[in-house]
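*Asks:* Take this structure, written in structure tokens, and hold onto it; I'll ask about it next.
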Amino acid sequence: MKKTAFYNIHKSLGGKLVEFAGFEMPVQYEGIIAEHKAVRESAGIFDVSHMGEVEVRGKDAFDFVQRITTNDVSKLEKGDVQYSAMCLKDGGIVDDLLVYNFGDHYMLVINASNIDKDIKWMEENLSGDVTLKNISDETSLLAVQGKNSMNILQKLTDIDLSQMDYYKFAEGKIAGQDAVISHTGYTGEKICFEIYSSSDIEKSEALWNAIMEAGKEFNIKPAGLGARDTLRLEYAFRLYGNDMDETNNTIEAGLGWITKTDKGDFNGKEAILHAKENPEKKLVGFIVEDRMPARHGQEVFSGDEKIGIVTSGSLSPMLNKNIGMAYIKKGFNKTGTPVEISVRDKRIKATITKTPFLQ
């Protein structure tokens, strides 16, 4: 298994390490609920260096990124970040991703488990003057999330973070190191930052330690993949491989808002237009009435009729209720609809609800 530059830190903190997307990553340290609440109530730090980063350069870079992604890249100015997706011709989702506009090039941030697949797919779609460079292995990525994350990081950088709007980024120094600081995150917290820096172990450890020291007064906690999952689910953020994959399109996955069918041609456009006119299923949220959580892959019923399948499910530490998402077929997916989920050998009651779960 691959290791990130923070591996020794995870070991020293007693992190429970598991295999994830080919990396040995911490699923938790103190415990998922404690780490989850630390982010919601103050701040948490995550190692997300397993994510992939690809630079796109060349005079046709804009046309290339515009063609392979669903969102409208023409809306991006230098320093902007955009959430988007890449689709197959049949509309199936290759991956969801972030697009960074550096002015002279773009950076695409892709999911760890999809790095090889995504790059192969990008290469198959290359045309014109475009070059791709996979910089994943030379990039460390830390996420510092929660209402005190700005107070913590501002101690370490001259960049005025209070002037950085959501989904913007800046290049500069943090704790004396060159970095890209981005006002983005995967926890639902509006005050949230991600830091791209060198994957040199000594530099990465120094950056982690500087952030932890600056965050002492705010009781910052290291957080693992477990809390990352429960945090994102409370805000109904999609997880590739669970909530979407190549068998779903962006309309079904509730990502119509990042799918700009009026921007010109792009991969999957015709299939997506058809899906908009003829929706067969929809990804929706649900709250379980039972104390038993629903899990990925469990079947959803209305009476004796199978109407869908659970994609994600967990306890919400902030609501103290079991929540989840599921693909539910047309006619059964309206808010307020009662459903039943097959868990082990019993049916548990649930109700389709609006998302995000935390308002």
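*Asks:* Could you compute the FRET efficiency for T351 and E30, with r as their C-beta to C-beta distance and R0 at 22 Å, rounded to 0.05?
*Replies:* The pair T351/E30 has a calculated efficiency of 0.10.
*Asks:* Further, regarding this structure: Relative to the present Cα-Cα distance, how much length would full extension add between A206 and N125 at 0.36 nm per residue of separation?
*Replies:* 25.2 nm
*Asks:* Can you return the lysines within cross-link range of K59? Criterion is Cα-Cα under 19 Å, with same-chain partners fewer than 8 residues away left out.
*Replies:* K75, K78, K133
*Asks:* Taking just the C-alpha trace of the range 52-136, give me its Rg and Dmax in Å.
*Replies:* Cα-based Rg and Dmax for the range 52-136 come out at 11.5, 32 Å.
*Asks:* Separate question: If each residue of separation counts as 0.36 nm, what is the full-extension length gain between K11 and D245 once their alpha-carbon separation is subtracted?
*Replies:* 81.0 nm
*Asks:* Please sort 213-224, 261-272 by packing, taking for each peptide the average over its residues of neighbouring beta carbons within 10 angstrom, highest first.
*Replies:* In decreasing order of mean packing, 213-224, 261-272 become 213-224, 261-272.
*Asks:* In cubic angstrom, how much convex hull volume per residue do the alpha carbon atoms of the chain span?
*Replies:* Taking only Cα atoms, the chain has a hull volume of 134 Å³ per residue.
*Asks:* Mind sorting M107, M25, M292, M164 by how few other Cβ atoms lie within 10 Å of their own Cβ, fewest first?
*Replies:* M292, M164, M107, M25
*Asks:* Quick check: pseudo-label points 7 Å beyond the Cα along Cα→Cβ at N278 and K173, how many nm apart are they?
*Replies:* Reported label-point gap for N278 and K173 is 6.0 nm.
*Asks:* A follow-up question, please. Give, in whole angstrom and from largest to smallest, the semi-axes √(5λ) of the equivalent ellipsoid of the range 125-268, with λ running over the eigenvalues of the Cα gyration tensor.
*Replies:* 30, 20, 15
*Asks:* Pull out the extension gain between D265 and E289, defined as 0.36 nm times the separation in residues minus the alpha carbon to alpha carbon distance; nm, one decimal.
*Replies:* 4.2 nm
*Asks:* OK, next. For q = 0.20, 0.23 Å⁻¹, what log10 I(q)/I(0) does the range 249-299 give under the Debye formula with an equal point scatterer on each alpha carbon and no solvent?
*Replies:* For the range 249-299 at q = 0.20, 0.23 Å⁻¹, log10 I(q)/I(0) is -0.74, -0.87.
*Asks:* Give a residue-ordered list of calculated ³J(HN,Hα) values for the range 109-114 (Karplus: 6.51 cos²θ - 1.76 cosθ + 1.60, θ = phi - 60°; whole Hz; x for Gly, Pro).
*Replies:* Each residue of the range 109-114 in turn: 9, 10, 6, 4, 6, 10 Hz.
*Asks:* Further question: Please work out, to two decimal places, the log10 of the ratio I(q)/I(0) at q = 0.09 Å⁻¹ from a Debye calculation in which every Cα of the range 219-359 carries one identical scatterer.
*Replies:* Reported log10 I(q)/I(0), two decimals: -0.29.
*Asks:* Counting only DSSP beta bridges with both residues in the chain, what percent are antiparallel, rounded to the nearest 5?
*Replies:* Counting only bridges with both partners in the chain, antiparallel ones make up about 95 percent.
*Asks:* Using alpha carbon centroids, what distance separates the range 227-263 and the range 303-322, in Å?
*Replies:* Value for the Cα centre distance between the two parts: 16 Å.
*Asks:* Report the per residue volume, in Å³, of the convex hull enclosing the C-alpha atoms of the range 143-203.
*Replies:* 80 Å³
*Asks:* How large is ³J(HN,Hα) for each residue in the range 80-85, as worked out from phi by the Karplus curve 6.51 cos²θ - 1.76 cosθ + 1.60 (θ = phi - 60°), to whole Hz, x for Gly and Pro?
*Replies:* After applying 6.51 cos²θ - 1.76 cosθ + 1.60, I find 9, 10, 9, 7, 8, 8 Hz.
Read-outs throughout are calculated quantities, based only on the coordinates presented, and are distinct from any laboratory measurement. What you see is a predicted model; the values in this text were computed from it and never measured. Please note: Cβ atoms are built from the backbone with ideal geometry, for glycine as well, and neighbour counts cover all protein chains shown.
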